[in-house]
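First up is the structure itself, then whatever we jot down about it.
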Amino acid sequence: SSGRETPNIRFRGVAVQNENPAARAGAIFYEGAYLSAGAGLLPLFDVGRVEVIKGPQNAFFGRNTFAGAVNFIPTEPGDELEGFVQALYSPSDQDTYQVSGAVSIPMSENLGARVGGYYRRAGADFTYGNGDPLGEEETLAFQGSLLFDNGPIRLKTFGYYVDAEDTRGLVSLDYTTAPGDCNLVYSGS
């Protein structure tokens, strides 16, 4: 995956020239569910495991798996009350910070729940001509799962929500300054 603006995937260099949900070389799954938009907005803060399967997977996963498939599986609810909280900060990376956490809650002998949240702000490295940040990202994500496990009967439901904003320029922009009027001087060897 190369970020939320181009969430495509490659296996051993195999990719398609025109990236769109209908024509992909490899596919992304979240708990076995196909994600046509790729991995750009997946909540990857409480992942239990990642299954990477190289080679054609059409018989097992279906369409768009010519070169392989990646299945992200979130952490399942446990038998005990447990969780984590994590905070990261980077002042050298334009004030980038992130806070995430999750908790497993046993509800009965056979029923458990897990909920988690994630917030990340990545500072902008550049600015537009008017001073607004260029390349700033802000992501808020929540996910939850409910697991019923009674030996021969195992039922699991899950869901996630992601709210993402960024100031990335994905289209060409008009000049805000006439050529030669920017007064920027670069020197060096």
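Any read-out appearing in this document is the output of simple, stated calculations on the displayed coordinates, not a laboratory observation. Nothing here was measured: the structure is a model prediction, and the numbers come from that model. Reconstructed Cβ throughout: ideal geometry from the backbone, glycine too, with neighbour counts over all protein chains shown.
Can you list residues whose amide H is under 5 Å from Gly135's amide H, if they're 5+ apart or on another chain and H is modeled 1.01 Å from N?
For Gly135, whose amide H was placed from the backbone, the distant partners under 5 Å are Thr167, Arg168, Gly169.
How far, in nm, would the chain grow between Leu134 and Tyr34 when pulled straight, counting 0.36 nm per residue and subtracting the alpha carbon separation? Could the numbers behind the result be given before it?
On the way: separation 100, 0.36 × 100 = 36.00 nm, distance 3.15 nm.
Here the answer is 32.8 nm.
Glu76 versus Phe126, label points 7 Å from Cα toward the beta carbon: distance in nm?
4.6
How do 69-80, 121-132 rank on mean C-beta neighbours within 10 Å, highest first?
Listed from highest to lowest mean packing, they are 69-80, 121-132.
Taking H as built 1.01 Å from N, whose amide H comes closer than 5 Å to the amide H of Gly26, not counting residues under 5 places away?
Ile9, Ala67
Sort 148-154, 82-88, 135-141 by packing, meaning the average of other beta carbons within 10 Å per residue, with the highest value first. If you can, show how the numbers build up before the last one.
Working: 148-154: 10.0, 82-88: 12.0, 135-141: 17.4.
Ranked by mean Cβ neighbours within 10 Å, highest first: 135-141, 82-88, 148-154.
What does the extension gain come out to for Asp163 and Ser90, with contour length at 0.36 nm per residue minus their alpha carbon separation?
Numbers: separation 73, 0.36 × 73 = 26.28 nm, distance 2.21 nm.
Gain on extension, Asp163 to Ser90, equals 24.1 nm.
Between Lys54 and Phe148, with labels modelled 7 Å along Cα→Cβ, what's the label distance in nm to one decimal, could you check?
Going by the 7 Å Cα→Cβ label model, 4.1 nm.
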